Each structure stands twice: as C-alpha cells, then as structure tokens.
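Below you'll find the structure, written out as structure tokens, and then a few comments.
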Amino acid sequence: MIETRLIFVFLLLPKEWLELKKIKCIFARFYPSRKNQVIGEALKIRRVIKASLGAIVGIVLVACSPTRHVPDGSYLLDHVKIETDDKSVKPSDLKSYLRQEPNHRMFGLFRFTLGLYNLSGNDSTKWYNRWVRNAGTPPIIYDPVLIENSRMQMEKAMNNKGYMAARVDVDTVSKGKRMDVFYRVSANTPHYIDDIDYRISNDTISRLVERQYASHSLLKKGSNFDRNVLDEERQRISDMLRRDGFYAFNKELITYTADTADRSKAVDLTMNLVPESVANASGYRPYERYYMRKIYFVLSYDPTATDQIDVANAGTYKNYYFVEGDHPYIRRETLVENCFIRPGLLFSSRDVDNTYTAFGRLRIVKYVNIRFEPAGRNDEGVNQLDCYILLSKDKPQSVSLEFEGTNSEGDLSTS
C-alpha cells in the first residue's frame, strides 16, 4: 500500500526532483534495496501518462473543426473585442455587459470543451455521442439580437458613467462559418460635477452628513457625473447613519437634483432628503435614533413556522431574556458573550453584523436570524426597539479518523 502511494506522489514531482539526493534518501528509507527500481517505475508511468494526455489533447484540438456542428447559414462566434478611444474607459470594465461571448479558450488559445463536443456524432441515440456532448460545450452561434443588446447595454453603462454623448458601434467580420465582432466605443467629453450642495431639513442628519461624514464622501468636484458613484454615496451615508442609531434609515430617502446649463458639461449637484412627513408614513421615524430595550434569545426556532413567538415565560439572565424550550443546548453565558447588542444602548448595524458573525462560528448553531420590533417611546420620549435573536440547533456530526502506520528502522509514520 505504501509503495503504491509513494509512486503516485512522486508522479506529481518534476523529473529533475527525482534526481535530488533528499528524494532518493526518502526512497532508500522505505526500500533500502529497491530505491532505483521504484524511481524507475515512477518515471516509466510518468512517460505513459504524459503521452496519453498529449494524445487526448491532440485529438481534441486537431481532429475536429470548431465549426463542425455549426448549422449552414449560421456562424460560430469566434472573437469578440471591445475598443475605446478614451484611456480612462477600460474595455475590461465593459466586458460584463456582453450578452454573448465566444466559447472559452484554455490559456487564451485552445477551445478544449468545444473540441470535446465536436468529437460527438449527429446520432443522439448513441450513448457515446451523448456522453461526449455532456462533457463538452456546444458552439456559441452568432446572434445579432444579443449583439445589439450588448451594444445598447454598453451605451447605457457609458451614460451612467457620465458620458452622455457616448456612442457604441458594432462591426462584424465573417470568414467561412466564423464571425468576429468588434465593439467600438466613442466616449466623447463626459459631464462632470462642478458644485455640490445639500438640502437636508433635519438638523441632526444635516450636521452628520455635511460635517462628520463629508471627509469620506465619494462625491468630488471635477469628477465624472457617475450615477453609480452617486448611488454608492447614498448607500455609504445610509450605512453610516444606521451604525449611529438611525435604525429605520435607508438610501431611498436620499435623492439628487442635477442642474446643467445649455451645452455645458458642468453639473451643479444637490443632495436632498425626503420630507419627514413622507418618511414617517411607514410607521417608523427614520430621522430619529433608536435605543435597545429588551433582547430575547429564542432557541430551537423553526424558520418555516408562522406562529407568533411566545415570550411570556421567558427566563432572565443579566438583563437578557431566554425562550429555551424543553431542551436548551447553549448556556446562557455563551449566548450573552456572543451577543454584541446591549440593552439600553444605541442601535448599531455594526453590532448586528458582529452578532451574526459570532453566532455563525458556533458549530452547534445551524440557523440564526435577528429581528427587531418597535417598542414605542419611553418616558423621556426615546424611540425603543425589542430584539429577537432566533436560533436553531444543528444536527450532530460524527467525524472518524483512520490511521495507518508503518515501522521502518525504528521510526513511526502515520498517513
């Protein structure tokens, strides 16, 4: 058994390594009288395997034309290339908008899986043809509709990046049953942010956004009027506010107004906040902070259950509440130690994320979900939340270990 394993391992080593003194010493340790014979067997099997693999690759790459299964009147999509006239616009940034791409090339040269597919015949009733086709990938047939969709998506992406006058043209070149497609992107002069203003009626949020958060703003004067960056800035501000107690805030409450003069590429940008009367229509107060009131741990939670959680008989420990059922499987101390959400403190989405991470590391926990419910205002008029940490137990898993030992010259090794 050990000899077979050693030969297999040394098949993976470069030929030159087998000549090294240390490698020979390893063989000599297990086979004092047959080290040269074992090394020779490894080299012989290596040559057979390399020759077999070379033959298979050669058959796949040479024996079949890539257009063998391309119907008459159709074309194999052979090459797709994106060209731009602006160095700041990289073709790789636009590749994700392609709706049709050629068959994958190994190392950028060989369409190995297409070659496998082309080894099959036309008779689909034969098991060999079905097996080869399942192992490979069919030829990508040039589709002018998908090419046009790709062109439109690229043009839209360029507009979103601030290139409002961008144009994308498509050229095609056919040769036999093959088709090459070229996307030529004319960026033209982009729109840029000339001025940034804020129209935020809530004093607390205005102070945070315009002063405390502004130093890390993604919006810069002189940068492209990139709608993707504008949306990222909305998300950044929303995340910052939710870490700072604003539980009900979301990025949809932030809007922009863009003002451009006639025939000018300069954009005067204003960030707006949805009026408070509209924002409060959901029943929450997104422009006010929330504090934690009660925190419940619910063990043996069933994610598919629709019944309301009964917390009337919940136990208590260090100002936390526990709905444990008949068979609690985690100590209360462990639950509290892994919870970053604290009663009486300000809500923070960062504490929620840290709690998810901590419970995700507990192997005994299969499922964790954290819910929040409004708990009204206290006597001081502070908004409150109740938190429910819902847990379900993972099934026990058994792990078996098998050791195999050999004794040679007094040394014990395991594998």
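Of all residues in region 227-239, one or more are more than 27 Å from ARG371 (Cα to Cα) and polar (S, T, N, Q). No other residue among ARG332, ARG371 is surrounded by fewer than 16 Cβ atoms within 10 Å (Cβ to Cβ), at pLDDT 90 or above and either under 22 Å from TYR247 (Cα atoms) or of a type outside the set (Gly, Ala, Ser) (or both) apart from ARG371.
Of the residues GLY222, GLY245, GLY283, only one is buried (at least 17 other Cβ atoms within 10 Å of the Cβ) and at positive phi; which?
Just a single option satisfies the conditions, and that option is GLY245.
For region 61-90, name all the residues that are outside any loop (DSSP other than H, G, I, E, B) and free of Cβ contacts under 8 Å to residues at least 12 places away in the same chain. Once the filter is applied, which keeps residues that are outside any loop (DSSP other than H, G, I, E, B) and free of Cβ contacts under 8 Å to residues at least 12 places away in the same chain, region 61-90 yields only VAL62. Quick check on region 290-315: of everything there that is β-branched (Val, Ile, Thr) and exposed (fewer than 10 other Cβ atoms within 10 Å of the Cβ), which residue is nearest to LYS366 (Cα to Cα)? Going through the qualifying residues, I end up with THR304.
From the list VAL145, VAL168, VAL181, the lone residue that is among the aliphatic types (A, V, I, L, M), at pLDDT 95 or above and under 17 Å from HIS79 (Cβ atoms) is VAL181. Taken over region 213-243, the residue count meeting the criterion of being under 20 Å from ARG289 (Cβ atoms) and assigned to a loop (DSSP other than H, G, I, E, B) is 1. Would you check if there is a residue in region 295-311 being without any contact (Cβ under 8 Å) to a residue 40 or more places away in the chain, hydrophobic (A, V, I, L, M, F, W, C) and closer than 27 Å to ASP244 by Cα? No, because not a single residue in region 295-311 is without any contact (Cβ under 8 Å) to a residue 40 or more places away in the chain, hydrophobic (A, V, I, L, M, F, W, C) and closer than 27 Å to ASP244 by Cα.
Every test in (1) part of a loop (DSSP other than H, G, I, E, B); (2) β-branched (Val, Ile, Thr); (3) touching a residue at least 24 places away in the same chain (Cβ under 8 Å) is passed by THR125 save one, and that test is (3). Confirm whether VAL80 is touching a helix residue (DSSP H, G or I) at 6+ places or on another chain (Cβ under 9 Å), among the β-branched types (Val, Ile, Thr) and at pLDDT 90 or above. For VAL80, the condition - touching a helix residue (DSSP H, G or I) at 6+ places or on another chain (Cβ under 9 Å), among the β-branched types (Val, Ile, Thr) and at pLDDT 90 or above - is met.
Residues in region 290-319 that are in a loop (DSSP other than H, G, I, E, B) and basic (Lys, Arg): 1 in all.
Inspect region 119-135 for any residue being crowded, with 20+ Cβ neighbours inside 10 Å and at pLDDT below 85 and give the result as yes or no. Among the residues of region 119-135, at least one is crowded, with 20+ Cβ neighbours inside 10 Å and at pLDDT below 85, which makes the answer yes. Counting just the residues of region 251-263 that are under 28 Å from the mean Cα position of the chain (by Cα) and either crowded, with 16+ Cβ neighbours inside 10 Å or of a type in the set (D, E, K, R) (or both), which one comes out nearest to PHE225 (Cα to Cα)? This residue is ILE254.
On the basis of being outside any strand (DSSP E or B) and surrounded by fewer than 16 Cβ atoms within 10 Å (Cβ to Cβ), does GLU210 make the cut? For GLU210, the condition - outside any strand (DSSP E or B) and surrounded by fewer than 16 Cβ atoms within 10 Å (Cβ to Cβ) - is met. The sole residue among SER174, SER215, SER186, SER201 that is of a type in the set (Ser, Thr, Tyr) and either touching a Phe, Trp or Tyr at 6+ places or on another chain (Cβ under 8 Å) or within 20 Å of ALA261 (Cα to Cα) (or both) is SER174. Of the candidates ASN280, ASN272, the single residue that is part of a strand (DSSP E or B) and out of contact with any Leu (no Cβ under 8 Å at 6 or more places or on another chain) is ASN272. Taking region 167-207 as the range and being in a loop (DSSP other than H, G, I, E, B) and within 20 Å of VAL267 (Cβ to Cβ) as the test, the residues that pass are ALA187, ASN188, THR189, PRO190, HIS191, ILE200. LEU94 satisfies every condition listed in (1) in contact (Cβ under 8 Å) with a residue 60 or more places away in the chain; (2) in a loop (DSSP other than H, G, I, E, B); (3) closer than 30 Å to ASP259 by Cβ except (2). For region 317-337, the count of residues that are over 34 Å from the mean Cα position of the chain (by Cα) and under 30 Å from LEU253 (Cα atoms) is zero. For ILE200, state whether it is crowded, with 16+ Cβ neighbours inside 10 Å, out of contact with any Lys or Arg (no Cβ under 6 Å at 6 or more places or on another chain) and modelled with pLDDT under 95. So ILE200 fits the description; yes.
Here the condition is being within 25 Å of ALA214 (Cβ to Cβ) and of a type in the set (Gly, Ala, Ser); of ALA305, ALA258, ALA281, ALA312, it holds for ALA258 alone. Within region 318-331, residues that are polar (S, T, N, Q) sit with their Cβ atoms under 9 Å from residues that are modelled with pLDDT of 85 or more and assigned to a loop (DSSP other than H, G, I, E, B), at 6+ positions apart or across chains, in these pairs: ASN319/ARG342; ASN319/PRO343; ASN319/GLY344.
The values are calculated or read from the model by the stated rules, or taken from the named source; none is laboratory data. Please read these numbers as outputs of a predicted model, since none were measured by experiment. FYI the Cβ positions are ideal-geometry reconstructions off the backbone, even for glycines, and counts take in every protein chain you see.
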